[in-house]
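Quick notes on the structure that follows.
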Amino acid sequence: MFADLHLHTRFSDGTWSPEELAPQARRHGLTALALTDHDTVEGCAPMAQACAAAGLEFIAGVELTAQQGADEIHILGYGLEAGDPTLLAQLAKFQTVRQDRIREMVLRLNELGVPLAAEAVFALASCRAPGRPHVARALVEAGLCSSLDEAFNRFLKKNRPAWVPKFKLSAAEAIALIHDARGVAVLAHPVLNRTDDLIPGVVEAGLDGLECFHTKHSARDASRYLEVAARFHLLVTGGSDCHGLNKGKPLVGTVKLPGHYVEKLKGAIQGRFKKGAGTASSPLPSDPREQEAGTKPSPPLAPRLLEPALGKIQERQAVIANPLSGVHIPG
Ligand code: AMP
Ligand code: FE
Ligand code: FE
Ligand code: ZN
């Protein structure tokens, strides 16, 4: 058994639909997949169907952006209940923030004399969780940049003139949100965010696992993170972070997580369901086998901090139209 536990589709910033992605994964010899779109679980139901059709096992997931101190980290949630009302309500807020952020980036581009329309970005993205890759693609399609790299390097990278910071939960809040939806929380691609020093703090915040294998991790990185995972009693995961054709070469098939890690992850997910874990008040598991399964109680989810973030963005905008009206949502 080989799994890819980090994949994006058109429901966020990947370029493929679940129906396009699943058969390709199968052709690369994978036997299990997890979908980890940014800030949405909308793709999970169609991906579950596409996996069933391709003979693949499926694990529902999500990727959340969080903050530990001053640093950005990404937290993957696995096995969460995709229909959990609290989860869906929170994700809907993150999606609104993302849509407002697109408008803000477009406004800044317009102020720089780049005549891009927000509607062009929303039409191209055609999803509820649009991001910078959609702005980059819209810039290229409108002939305003010659490549995605140029769009990022000139405008969209951190501290470039059209870059708008993204609202982030604290690590503890992101983990609590995942736990409350009966999921397991995993720190994504620690190398990418240069987060080694932050790991103990994120573990303290309730982390369950570490993405030791990732396209951007060297073999040395992977073995270092396997040691870190062992030291902190964390689950081990891995995935390609494939975004379809968004980043040039498709990455699906470049990371194949051996089955025994997947079984441990599934055990931890089962553990959360079994003991009714996930509520902020859930007690520490007293059964040592459940502790072994890698689940931890989550700190209470603080009152939402999103409203001020939304207000700040909306201040700059006279009218916030629904960017999704009239736009086809894939699936
Ligand atoms: P966002 O969530 O809107 O901040 O966008 C983050 C996405 O943009 C991630 O999928 C990144 O991998 C992608 N990204 C960041 N920098 C670049 C770049 N230079 N070229 C292409 N994609 C990028
Ligand atoms: Fe992405
Ligand atoms: Fe990420
Ligand atoms: Zn990702």
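The values are calculated or read from the model by the stated rules, or taken from the named source; none is laboratory data. Since the model is a prediction, treat every value here as computed from it, not as a measurement. Note that we place each Cβ from the backbone using ideal geometry, even for glycine, and neighbour counts take in every protein chain shown.
Of all residue pairs spaced 6 or more apart or on separate chains, those with beta-carbon atoms under 6 Å, a first member in region 204-226 that is part of a helix (DSSP H, G or I) and a second member that is of a type in the set (Phe, Trp, Tyr) are Ala222/Phe213. Could you tell me whether Glu150 is over 21 Å from Val41 (Cβ atoms), more than 16 Å from ligand 2 (Cβ to nearest atom) and part of a helix (DSSP H, G or I)? Spelling it out, Glu150 is indeed over 21 Å from Val41 (Cβ atoms), more than 16 Å from ligand 2 (Cβ to nearest atom) and part of a helix (DSSP H, G or I). Can Arg98 be described as at negative phi and either of a type in the set (Phe, Trp, Tyr) or buried (at least 21 other Cβ atoms within 10 Å of the Cβ) (or both)? It is true that Arg98 is at negative phi and either of a type in the set (Phe, Trp, Tyr) or buried (at least 21 other Cβ atoms within 10 Å of the Cβ) (or both). Condition test on Leu21, is it under 20 Å from Gly239 (Cα atoms), assigned to a helix (DSSP H, G or I), within 16 Å of ligand 1 (Cβ to nearest atom) and of a type in the set (A, V, I, L, M)? Judged against the criteria, Leu21 is a match.
Matching residues to (1) buried (at least 24 other Cβ atoms within 10 Å of the Cβ); (2) within 16 Å of ligand 1 (Cβ to nearest atom); (3) modelled with pLDDT of 95 or more; (4) not in a helix (DSSP H, G or I):
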{"position": "Thr9", "(1), (2), (3), (4)": "yes, yes, yes, yes"}
{"position": "Trp16", "(1), (2), (3), (4)": "no, yes, yes, yes"}
{"position": "Ala25", "(1), (2), (3), (4)": "yes, no, yes, no"}
{"position": "Leu30", "(1), (2), (3), (4)": "yes, no, yes, yes"}
{"position": "Met47", "(1), (2), (3), (4)": "yes, no, yes, no"}
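Within the set Glu42, Glu20, the sole residue that is away from ligand 3 (no atom under 14 Å from the Cβ), in contact (Cβ under 8 Å) with a residue 12 or more places away in the chain, closer than 15 Å to Cys242 by Cβ and charged (D, E, K, R) turns out to be Glu20. Evaluated against (1) free of Cβ contacts under 8 Å to residues at least 60 places away in the same chain; (2) touching a Lys or Arg at 6+ places or on another chain (Cβ under 8 Å), Ala230 falls short on exactly one condition, (2). Within the option set Gly55, Gly43, Gly69, being farther than 19 Å from Thr215 by Cα, more than 15 Å from ligand 4 (Cβ to nearest atom) and modelled with pLDDT of 95 or more holds for one residue only, Gly55. For Leu116, the criteria (1) within 16 Å of ligand 4 (Cβ to nearest atom); (2) over 14 Å from the mean Cα position of the chain (by Cα) hold in every case but one, which is (1). Whether any residue in region 88-97 is within 16 Å of ligand 2 (Cβ to nearest atom), touching a helix residue (DSSP H, G or I) at 6+ places or on another chain (Cβ under 7 Å) and over 18 Å from His8 (Cβ atoms) is what I want to check. Yes, the conditions are met somewhere in region 88-97.
One line per residue, one yes/no per condition, for (1) within 19 Å of the chain's Cα centre (by Cα); (2) within 16 Å of ligand 4 (Cβ to nearest atom); (3) charged (D, E, K, R); (4) not in a loop (DSSP other than H, G, I, E, B):
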site	(1), (2), (3), (4)
Arg108	no, no, yes, yes
Val121	no, no, no, yes
Val135	yes, no, no, yes
Asn159	no, no, no, no
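Counting the residues of region 157-188 that are surrounded by 24 or more Cβ atoms within 10 Å (Cβ to Cβ) and out of contact with any Leu (no Cβ under 8 Å at 6 or more places or on another chain) gives 1.
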